[in-house]
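J.: Before we start, here is the structure in question, set down as C-alpha cells.
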Amino acid sequence: TVSREEPPASPQVRHEAHRPLSACANVHTQLGVTGGARAQTVTQPEDRISVIEGAPVQVKCNYSYSLSPVLFWYVQYPNQGPQLFLTHTSRKSIKGFTANLNKGEKSFHLKKLSAQKEDSAMYYCALSDTV
C-alpha cells in the first residue's frame, strides 16, 4: 500500500499529481479546490522521472489560466510532509533547482543541471489566483 499526502490547499488553488525523481511507486493523486468562477488547471505530464546522478533533470509543469497566476513548487521528501520549495516571484535557486515562468508557453518547469541522490522526492506544481 502506498500512502499519499497532499500539499496544503487554500481557496482558488488547483494541484495535480506529484512527480517522483526516484524509483518510488507510480502514484497519481489529484486535488482540486475551487473558490471562484475562473477555471484554472495545472498539469504535470510525467508520472515518474528517473535520472542518473549528475545528469540534468526537468520536471514539467503546464498551466491553463487566462489571468496572472502565482505559481509554486512544493517538495515532499520521504517521511516528511509537503513544503513550499519555489515560487515564480522569488526567482531564486534552491538546492540548485530553478523554475522560470514562461507565459507564452504557460509553463513553469523545474530544472536542475546536476541531479543528486538527495533530490529524490515528490514534486508538486500549484497555482493560485492573484485576484
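The values are calculated or read from the model by the stated rules, or taken from the named source; none is laboratory data. Treat the numbers as computed from the prediction; the structure is a model and nothing was measured. Please note: Cβ atoms are built from the backbone with ideal geometry, for glycine as well, and neighbour counts cover all protein chains shown.
J.: Could you grab me the full set of residues in the stretch 64-84 that are under 11 Å from the mean Cα position of the chain (by Cα) and among the hydroxyl-bearing types (Ser, Thr, Tyr)?
T.: Scanning the stretch 64-84 gives a single hit, Tyr74.
So that you can scan it fast, the table gives a plain yes or no per residue for (1) closer than 11 Å to Ala126 by Cα; (2) at pLDDT 85 or above:
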{"position": "Arg48", "(1), (2)": "no, no"}
{"position": "Asn62", "(1), (2)": "yes, yes"}
{"position": "Tyr65", "(1), (2)": "no, no"}
{"position": "Leu110", "(1), (2)": "no, yes"}
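One line per residue, one yes/no per condition, for (1) among the β-branched types (Val, Ile, Thr); (2) surrounded by 12 or more Cβ atoms within 10 Å (Cβ to Cβ); (3) within 13 Å of Lys111 (Cα to Cα):
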{"position": "Ser50", "(1), (2), (3)": "no, yes, no"}
{"position": "Glu53", "(1), (2), (3)": "no, no, no"}
{"position": "Val59", "(1), (2), (3)": "yes, yes, yes"}
{"position": "Asn62", "(1), (2), (3)": "no, yes, no"}
{"position": "Tyr65", "(1), (2), (3)": "no, yes, no"}
{"position": "Tyr74", "(1), (2), (3)": "no, yes, no"}
{"position": "Gln80", "(1), (2), (3)": "no, no, no"}
{"position": "Phe85", "(1), (2), (3)": "no, yes, yes"}
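Per-residue answers, yes or no, for (1) under 21 Å from Ala115 (Cβ atoms); (2) at pLDDT below 85; (3) in contact with a Gly (Cβ under 6 Å, 6 or more places away or on another chain); (4) not acidic (Asp, Glu):
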{"residue": "Val42", "(1), (2), (3), (4)": "no, yes, no, yes"}
{"residue": "Pro56", "(1), (2), (3), (4)": "yes, no, no, yes"}
{"residue": "Gly81", "(1), (2), (3), (4)": "no, no, no, yes"}
{"residue": "Phe85", "(1), (2), (3), (4)": "yes, no, no, yes"}
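J.: Here's something else I'd like to know. Please go through the stretch 66-90 and give me each residue that is in a strand (DSSP E or B) and in contact (Cβ under 8 Å) with a residue 12 or more places away in the chain, ordered by number.
T.: Answer for the stretch 66-90, where residues must be in a strand (DSSP E or B) and in contact (Cβ under 8 Å) with a residue 12 or more places away in the chain: Val70, Leu71, Phe72, Trp73, Tyr74, Val75, Gln76, Leu84, Phe85, Leu86, Thr87.
J.: How many residues are surrounded by fewer than 18 Cβ atoms within 10 Å (Cβ to Cβ), in a loop (DSSP other than H, G, I, E, B) and at negative phi when one looks only at the stretch 91-128?
T.: Residues meeting the conditions: 10.
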